[in-house]
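A short worksheet on the structure shown next.
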Amino acid sequence: GRLGILDLVEPGTVGAELGVFTGLFAEAILETVRPAVLHLVDPWWLAYGDAYPNWGAYTARGTLPTRVAHEAAVTRAEAARGNCKVHIHVSTSADWLRSLPDASLDWVYLDSTHLYKETLEELRLLRGKLRPDGIVLGDDWWPNPEDTHHGVFRAVHELVREGMWDVVRADEQIQWAIRPATKYRRG
C-alpha cells in the first residue's frame with residue numbers, strides 16, 4: 001500500500017502532509033516515520049464549506065461535514081503523535097507554503113487537490129521550502145491522461161523536464177517521490 005513510500009523519510013525530521021482529510025495517513029506517518037515536527041495542512045471548510053462534495057463513499061455521498069473530518073484528523077494526530085510536535089493548519093497548501101521560511105522542511109507528503117495547475121504551484125513553492133537534501137512524496141501517480149488525477153503526473157514531469165526536480169520513485173501503488181535536482185538543466 002501507501003506506507004512503502006515512507007521508507008524514504010528519516011525519523012526525527014520536520015515534515016508536512018498537504019491534504020489531510022480525516023487524518024488516516026497522518027496517523028500512519030506519525031507511527032511509521034516518528035518525525036520531530038509534523039505540519040498537517042488542509043483547507044477543510046475553507047475549500048468545501050460545511051460538507052464535502054459527493055466523491056462517493058469517501059465523503060458519505062456528499063454528506064460528510066468538513067468539521068467532522070477536521071476533528072477526526074485532530075483526534076488521530078493527538079493519539080498517534082508520541083513525542084512529535086504536531087501543528088494543524090486550516091489553509092490551502094499554497095497559502096501555507098508561502099508563509100513558511102525557506103529551507104524549513106525536510107520532507108512533504110503531497111496529497112492535496114491533484115489538479116495540474118495547483119500541483120504545479122505547490123511544487124514550485126516547495127522547491128524553496130525544502131532543505132537541499134529534502135524530498136517530496138506524493139499520492140495519485142496516474143500516467144494515463146484520461147485519469148481524473150493525471151494533473152499530478154503532468155505537473156511533476158513538467159518540472160522534471162525543466163530541471164527543477166529528479167524523480168526518485170514512482171511505484172505501482174501510485175506513490176511517487178522527487179528530490180531537488182542536483183543541477184539545473186536547460187533544454
- Query: Is it true that some residue in region 161-173 is of a type outside the set (Asp, Glu), closer than 24 Å to Gly1 by Cβ and in contact with a Ser or Thr (Cβ under 8 Å, 6 or more places away or on another chain)?
  - Reply: no
Within region 29-38, residues farther than 14 Å from Leu137 by Cα and outside any strand (DSSP E or B) come out as Leu30, Glu31, Thr32, Arg34, Pro35, Ala36
Of those in region 97-130 that are part of a loop (DSSP other than H, G, I, E, B), modelled with pLDDT of 95 or more and within 12 Å of the chain's Cα centre (by Cα), the residue nearest to Glu27 (Cα to Cα) is Asp111
Evaluate the following for Glu71: is it open to solvent by 80 Å² or more (accessible area, probe 1.4 Å), modelled with pLDDT of 95 or more and more than 21 Å from Gly4 (Cα to Cα)?
-> yes
Per the filter on region 4-22, residues open to solvent by less than 20 Å² (accessible area, probe 1.4 Å) and in contact with a Lys or Arg (Cβ under 8 Å, 6 or more places away or on another chain) are Ile5
Across (1) open to solvent by 40 Å² or more (accessible area, probe 1.4 Å); (2) modelled with pLDDT of 95 or more, Gly1 clears everything bar (2)
Can you find a residue in region 96-109 that is aliphatic (A, V, I, L, M), surrounded by fewer than 16 Cβ atoms within 10 Å (Cβ to Cβ) and in contact with a Pro (Cβ under 8 Å, 6 or more places away or on another chain)? yes
Of those in region 157-176 that are of a type in the set (D, E, K, R) and not in a helix (DSSP H, G or I), the residue farthest from Glu122 (Cα to Cα) is Glu172
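Do you know which residues across region 108-160 are among the β-branched types (Val, Ile, Thr) and more than 22 Å from Val20 (Cβ to Cβ)? Explain how you work it out, then say what you get.
Going through region 108-160, the residues among the β-branched types (Val, Ile, Thr) turn out to be 108, 113, 119, 135-136, 148, 152, 156, 160.
Across region 108-160, the qualifying residue is only Val160.
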For region 151-180, pairs from a residue that is closer than 19 Å to Gly128 by Cβ to a residue that is open to solvent by 40 Å² or more (accessible area, probe 1.4 Å) and of a type in the set (Ser, Thr, Tyr), with Cβ under 8 Å and 6 or more apart or across chains, are Ala155/Tyr116; Gly163/Tyr184; Met164/Tyr184; Asp166/Thr182
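From the set of residues in region 30-60 that are over 21 Å from Thr119 (Cα atoms) and touching a residue at least 40 places away in the same chain (Cβ under 8 Å), which is surrounded by the most Cβ atoms within 10 Å (Cβ to Cβ)? Can you show your working first?
Taking region 30-60 first, the residues over 21 Å from Thr119 (Cα atoms) are 30-37, 49-51, 54, 56-60.
Now narrow it down to the ones that are touching a residue at least 40 places away in the same chain (Cβ under 8 Å): 30-31, 34-37.
Values: Leu30: 23, Glu31: 14, Arg34: 18, Pro35: 25, Ala36: 14, Val37: 16.
Selected residue: Pro35.
For region 132-155: of the residues being in contact with a strand residue (DSSP E or B) (Cβ under 6 Å, 6 or more places away or on another chain) and not in a loop (DSSP other than H, G, I, E, B), which is surrounded by the fewest Cβ atoms within 10 Å (Cβ to Cβ)? Break it down stepwise before answering.
Here is the first cut: in region 132-155, the residues in contact with a strand residue (DSSP E or B) (Cβ under 6 Å, 6 or more places away or on another chain) are 134-138, 141.
Pick out the ones that are also not in a loop (DSSP other than H, G, I, E, B) and you get 134-138.
Numbers: Gly134: 21, Ile135: 23, Val136: 26, Leu137: 23, Gly138: 27.
Per the criteria, the residue is Gly134.
The values are calculated or read from the model by the stated rules, or taken from the named source; none is laboratory data. Small disclaimer: the values here were computed from a predicted structure and weren't measured. Neighbour counts are summed over all protein chains in view; Cβ atoms, including those assigned to glycine, are modelled from backbone coordinates with ideal geometry. With ligands, DNA and RNA removed, areas are computed over all heavy atoms of the protein, side chains included. Shrake-Rupley method; radii C 1.70, N 1.55, O 1.52, S 1.80 Å.
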